[in-house]
Every structure is written in C-alpha cells, then in structure tokens.
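The structure appears right after this line, and notes come after that.
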Amino acid sequence: MTKHRCLSQCLLWILFPPSFVYTLSTNHPNVVIFYADDLGYGDIEPYGHPTSSTPNLRRLAADGLVLTQFYSAAAVCSPSRAALLTGRYQMRSGIYPGIINVKRPGGLPLNEVTIAEMLKPEGYKSAAIGKWHLGLGNNSMYLPPSHGFDVSLGLPASPAQCRCSICFYPNVTCHSAPCHSDEYTPCALFNGTKIVEQPVDLLTLDEKYVAEGRHFIRENVKSETPFFLYYASHHTHQPQYAGKETSGTSLRGRFGDSLAALDWEVGQIYQELEENGILDDTFFVFSSDNGPSLSLNTFGGNAGPMKCGKGTTYEGGMRVPAIIHWPGRITPGRSFEFSSTLDILPTIASITKAKLPAVTLDGYDMSPFLFDGMHSVRESFFYYPPNVNTEYKSYAVRYKQYKAVFYTQGSRLSNRMNKDVDCRGSTQRTYHNPPMMFDLEQDPSENYNLSTKHSPEKDIVEMIIQMRADFDARMVFAQSETRKPKDDSLMPCCNRGCIPFPSCCHCIGNTSWKTPTLLDSDEKGF
Ligand code: MG
C-alpha cells in the first residue's frame with residue numbers, strides 16, 4: 001500500500017468504526033474471475049498434483065475456499081465461457097455445437113446479458129483480458145466492447161487458431177500442429193476492436209495482460225469505482241507457452257512451465273489487489289473452462305481421479321478446480337458443496353445487489369454455502385456434450401450425489417489412444433437403458449455402476465429419468481452460432497488486402513497504442 005493510500009485508509013478507520021466501513025464497502029465489492037483454459041481437476045497443487053509448481057494458487061487456496069464438486073457447464077471452450085458470463089446453458093445463447101472458429105461469422109448474441117452488463121447499472125467498470133472465444137464477427141462485432149466491457153485486451157480465440165512459431169523462451173518453436181498451419185493469419189492482439197500487434201509475441205503476451213489488468217485495478221481504486229475483471233488466461237490450452245519468467249523452471253516439463261506462467265499471472269493480479277488494500281473487498285473466483293486436453297499427452301493436463309477429460313461428459317471433462325477467495329467473508333477451507341460456473345452470475349448479483357437479467361437462468365446463488373454455513377441450493381446438474389443437439393440433449397444428470405448416465409461418448413480431445421477405451425474419440429455414442437448410475441461421493445471416478453434391477457437406488461434412477469425428461473423438454477435451443485458458413489476474410493488482419501494472405505498480416509509497432517508496462521505503470525515497481 002502506498003503512503004498516500006495508507007493515510008486515506010487510516011483516516012477512514014479513525015472517522016468510522018471498521019464495521020461501518022465494512023458495510024459500506026461490501027455493498028459493491030470488486031469482482032475478479034480468473035479463468036484458466038483446459039486446466040484439469042488434478043493439475044494444481046491445491047488439488048494434489050505432486051510436481052506442479054503453483055505457489056500463488058496454493059496461497060489463494062490457503063486463504064480461500066477450495067471447491068471439490070464444481071462443474072463447468074461444458075467440456076469445451078466457447079460454450080463454457082458463454083455459460084459462465086450469462087448464467088445460462090450454452091444452447092440458450094446458440095453457442096453450440098462445438099466451439100467458435102474465427103472464420104465463422106457467429107458469436108455470443110448481443111441481446112445476451114453478460115455479468116459485465118448486469119453490473120453496469122450498479123456503477124461498475126469491467127475489463128476482459130486474455131482469451132475471448134465468444135466470436136469475432138464482421139467488424140469485430142462480437143468482441144468484449146459489445147458485451148459490456150469498458151476495457152479489453154486479448155485474442156479472439158486460443159493461439160491454436162492462428163499461426164505461431166516461438167512458444168518458449170528464448171527460441172523454442174511451438175509444439176502443437178495447428179500453430180504451424182498455413183490456414184490461419186498470425187495471432188492478432190486486440191485492444192478493444194483494434195488490432196495492436198500481429199503476430200503477437202507469445203513470450204511477452206502474459207506481461208502485457210498482467211500490466212493491463214493491474215493498470216485497470218489501480219485506475220478504478222484511484223477513482224473509487226467498483227470493478228469487474230474477467231481475466232481469461234490462455235494457459236494451459238495448447239500451444240503451451242512460457243516467457244522468460246517460467247520457461248524451463250518446472251519439474252513437469254513444458255506443460256509445467258506453462259502452468260507456472262498461469263500461476264504467475266494469478267500472483268500478479270493478487271499482488272495488485274493486495275498493494276491497493278482491497279483483497280478484503282474483492283470477490284475472487286478462480287476456475288477452469290473445461291477438463292484437460294489428454295490428446296496432447298504430457299503437453300496436456302491431468303484430470304486427477306476423474307474419468308477421461310476434455311470433450312467428454314465424464315467427470316474429467318466437466319468437473320474443474322475452483323477456488324473462491326474473499327477474506328473476512330469466506331471461511332478458508334475445503335467445501336464439498338455442489339455448484340457450477342452457471343452459479344457465478346446469480347452469486348455476483350446477490351452480493352452486489354445487481355438486478356438479475358430478465359431471462360431464463362440456469363444458475364443458483366451460492367451465498368448460502370459460501371457465507372452462511374448452509375448447504376448449496378443446487379441439487380441437480382445436466383451434462384450436455386459438445387456435439388449437443390435437439391435429438392439427444394443431455395447425456396447425464398447429477399442429482400445430489402448420484403449421476404445417472406444416459407449416453408456416453410469418447411472424444412479425440414481425450415486422446416485417441418487413451419488407455420481407457422471409453423475416452424477415445426473412436427468410441428461412438430452409446431445409449432444406456434437403464435441409465436448407468438454412480439454415487440459420485442463414494443466413486444468420483446465412475447467405476448462402479450449401481451444400476452441393476454434390484455438396486456436400492458432404483459427409485460432414484462426413476463426420479464432422475466423423469467427429471468431429465470422434464471428439463472430437456474423445456475430446454476430452448478437458440479439458432480446455432482457456431483456452424484455458420486466459413487468465410488476466410490473474417491480472419492483478423494491488420495493490413496487487410498496484403499498478399500500473400502493469410503500469412504502477410506504483420507503490424508508490429510505500427511500503432512499508437514501502448515500497453516502499460518509492468519515497471520513504469522507501478523508507482524514503486526516490483
Ligand atoms: Mg478450454
């Protein structure tokens with residue numbers, strides 16, 4: 001904390017009792033959502049990985065609440081982000097099937113209400129930093145500025161959807177094949193709707209993100225404005241990358257280096273909150289959009305004890321790490337309460353007193369178990385696959401500790417040679433009648449099917465069958481935004497019209513925009 005800030009804070013404490021200040025400040029707490037990409041349940045220290053180095057997440061977990069039964073609404077990137085930001089299953093906003101390709105003109109519809117838009121009438125400023133993946137569209141119409149974000153800096157999708165060459169300091173080429181594809185333009189960094197760097201330098205990208213995020217926090221503290229920071233890191237989606245700080249530092253190889261870069265980003269944002277004395281006034285959520293990409297072998301993540309990974313409706317695809325941090329409001333520890341990314345928007349509405357969007361929501365306020373020592377309101381969760389359609393709808397339903405599985409299917413994202421045949425992309429959709437049944441509290445790995453004719457759980461199975469039929473019958477599928485015809489001209493290019501397209505799009509230093517730098521933006525450096 002600076003001397004100036006300390007003086008003003010101390011004066012406030014003298015003039016008003018701490019309890020009064022607390023009441024005032026918590027009416028509009030700041031909100032930070034730090035979203036990792038393809039980070040598995042078993043990848044980080046607080047969830048037991050033996051060789052990952054994530055000291056900042058370890059600290060966040062030590063002072064926060066580690067959720068062990070938390071679900072992303074989808075097993076791949078775009079739909080899980082749509083669900084997080086709208087509090088609605090992805091079909092309602094058209095972010096299905098699969099993900100959004102930058103060559104397709106679709107995106108998160110502009111009439112969907114995001115957390116940023118929900119908070120705007122309460123006086124919040126919002127920033128989206130990092131990966132967007134909810135559409136680019138004609139004239140960048142789907143980027144964060146169209147969805148309530150006042151500040152944004154990031155890539156429209158993961159670096160896997162653009163050309164890249166150097167991923168590890170000082171000069172190691174990227175590992176994954178899409179990066180070397182001639183099909184895409186070089187990665188473009190957008191500030192708002194303008195390209196400010198192309199190709200992007202992956203070795204310094206995290207520094208730019210962190211500098212922008214810290215600057216955003218600092219500016220809002222100065223102007224006493226409540227803020228929402230949505231920081232969506234690229235780590236640990238392929239291609240793994242790491243700059244000078246973390247390259248070559250991990251026992252866990254290149255994935256570990258990339259994970260260490262993610263942890264560094266978390267630490268930087270945490271440090272800015274700490275230095276400004278606002279940790280106690282910030283609701284901080286850390287989670288991941290989906291399970292690990294097992295197809296990448298050691299370059300992918302780890303689902304811990306969960307079955308399969310990314311792209312599947314097994315636990316490994318959708319149960320993700322989640323840490324909630326709010327000193328003074330949330331008691332540190334572990335929570336076995338059942339919740340989802342769908343619940344984040346209603347929870348933020350509850351703690352900020354913001355008005356909920358007037359649409360069908362699929363989330364529940366998590367406040368009872370986060371703040372009041374009660375149980376989660378959520379009792380059920382529906383697992384929709386990446387290739388969801390109106391014929392098959394949900395593949396599985398969780399009710400309390402039970403998971404009834406109606407369909408199973410493998411995914412290429414969980415490795416075509418996975419030792420568990422169920423996970424492989426070659427394993428086709430299979431219908432289970434009666435549904436398989438697992439007690440996830442006793443068997444999180446989905447090993448022991450309880451569904452037999454004489455099972456004592458037979459009544460529960462019948463109840464879940466009815467629950468699924470009712471919910472799926474009411475599910476409204478919006479028009480798909482992800483399957484609109486491809487158009488190569490939509491790929492981001494700073495010098496449109498150049499040849500040979502798409503490789504010719506280069507604009508380094510050809511801009512008046514300047515990112516805050518880590519050293520000169522901080523009052524005393526660090
Ligand atoms: Mg992802």
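This table checks each residue for (1) open to solvent by 10 Å² or more (accessible area, probe 1.4 Å); (2) assigned to a loop (DSSP other than H, G, I, E, B); (3) over 21 Å from ALA128 (Cα atoms); (4) free of Cβ contacts under 8 Å to residues at least 24 places away in the same chain.
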{"position": "ARG214", "(1), (2), (3), (4)": "no, no, no, no"}
{"position": "THR225", "(1), (2), (3), (4)": "yes, yes, no, no"}
{"position": "PHE228", "(1), (2), (3), (4)": "no, no, no, no"}
{"position": "GLY248", "(1), (2), (3), (4)": "yes, yes, yes, no"}
{"position": "LEU251", "(1), (2), (3), (4)": "yes, yes, yes, no"}
{"position": "GLY277", "(1), (2), (3), (4)": "yes, yes, yes, no"}
{"position": "PHE283", "(1), (2), (3), (4)": "no, no, no, no"}
{"position": "LYS307", "(1), (2), (3), (4)": "yes, yes, yes, no"}
task: Can you confirm whether the range 151-167 contains a residue that is modelled with pLDDT under 95, open to solvent by 10 Å² or more (accessible area, probe 1.4 Å), away from the ligand (no atom under 16 Å from the Cβ) and of a type in the set (Val, Ile, Thr)?
output: yes
query: Under 6 Å by Cβ, and 6 or more places apart or on different chains, what pairs join a residue from the range 437-450 that is among the aliphatic types (A, V, I, L, M) with one that is open to solvent by 20 Å² or more (accessible area, probe 1.4 Å) and part of a loop (DSSP other than H, G, I, E, B)?
result: MET437/LEU450; MET437/SER451; MET437/GLU457; LEU440/GLN401; LEU450/GLU457
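What about VAL196, is it free of Cβ contacts under 8 Å to residues at least 60 places away in the same chain, more than 20 Å from VAL266 (Cα to Cα), crowded, with 21+ Cβ neighbours inside 10 Å and in contact with a Leu (Cβ under 6 Å, 6 or more places away or on another chain)? So that I can check it myself, show each step before the final result.
Numbers: free of Cβ contacts under 8 Å to residues at least 60 places away in the same chain: no; more than 20 Å from VAL266 (Cα to Cα): yes; crowded, with 21+ Cβ neighbours inside 10 Å: yes; in contact with a Leu (Cβ under 6 Å, 6 or more places away or on another chain): yes.
The answer is no for VAL196.
Would you check if ASN418 is within 20 Å of PHE336 (Cβ to Cβ), assigned to a loop (DSSP other than H, G, I, E, B) and not charged (D, E, K, R)? I'd like the intermediate steps shown before the answer.
Numbers: within 20 Å of PHE336 (Cβ to Cβ): no; assigned to a loop (DSSP other than H, G, I, E, B): yes; not charged (D, E, K, R): yes.
In short, no.
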message: For the structure I just gave you, tell me whether VAL102 is in contact with a Leu (Cβ under 8 Å, 6 or more places away or on another chain), hydrophobic (A, V, I, L, M, F, W, C) and either open to solvent by 20 Å² or more (accessible area, probe 1.4 Å) or within 13 Å of the ligand (Cβ to nearest atom) (or both).
response: no
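Residue-wise test of (1) free of Cβ contacts under 8 Å to residues at least 40 places away in the same chain; (2) more than 16 Å from the chain's Cα centre (by Cα); (3) not in a helix (DSSP H, G or I).
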site	(1), (2), (3)
ARG254	no, yes, no
ASP257	no, yes, no
GLN271	no, yes, no
GLU274	yes, yes, no
ASP280	no, yes, no
GLY291	no, no, yes
LEU296	no, yes, no
field: Failed criterion for VAL476 (all others in (1) of a type outside the set (Asp, Glu); (2) open to solvent by less than 60 Å² (accessible area, probe 1.4 Å); (3) part of a loop (DSSP other than H, G, I, E, B) hold)
entry: (2)
query: Under the condition of being within 15 Å of the ligand (Cβ to nearest atom), surrounded by fewer than 24 Cβ atoms within 10 Å (Cβ to Cβ) and polar (S, T, N, Q), which residue from the range 285-301 is nearest to LYS419 (Cα to Cα)?
result: SER295
query: Out of all the residues in the range 49-63, is one or more within 16 Å of the ligand (Cβ to nearest atom) and either surrounded by fewer than 16 Cβ atoms within 10 Å (Cβ to Cβ) or modelled with pLDDT of 50 or more (or both)?
result: no
query: Looking at ASP443, is it surrounded by fewer than 18 Cβ atoms within 10 Å (Cβ to Cβ) and at pLDDT 95 or above?
result: yes
- request: Considering only the range 381-413, state which residues are small (Gly, Ala, Ser) and crowded, with 24+ Cβ neighbours inside 10 Å.
  value: ALA396, ALA404, GLY410, SER411
message: Looking at the structure I just gave you, is LEU39 among the aliphatic types (A, V, I, L, M), open to solvent by less than 30 Å² (accessible area, probe 1.4 Å), within 11 Å of PHE286 (Cβ to Cβ) and in a loop (DSSP other than H, G, I, E, B)?
response: yes
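The values are calculated or read from the model by the stated rules, or taken from the named source; none is laboratory data. All of these numbers come straight from a predicted model, not from anything done at the bench. All Cβ positions, glycine included, derive from the backbone under ideal geometry; neighbour counts span all protein chains shown. To get the accessible areas, we keep the full protein, side chains included, count just its heavy atoms, and leave off ligands, DNA and RNA. Shrake-Rupley method; radii C 1.70, N 1.55, O 1.52, S 1.80 Å.
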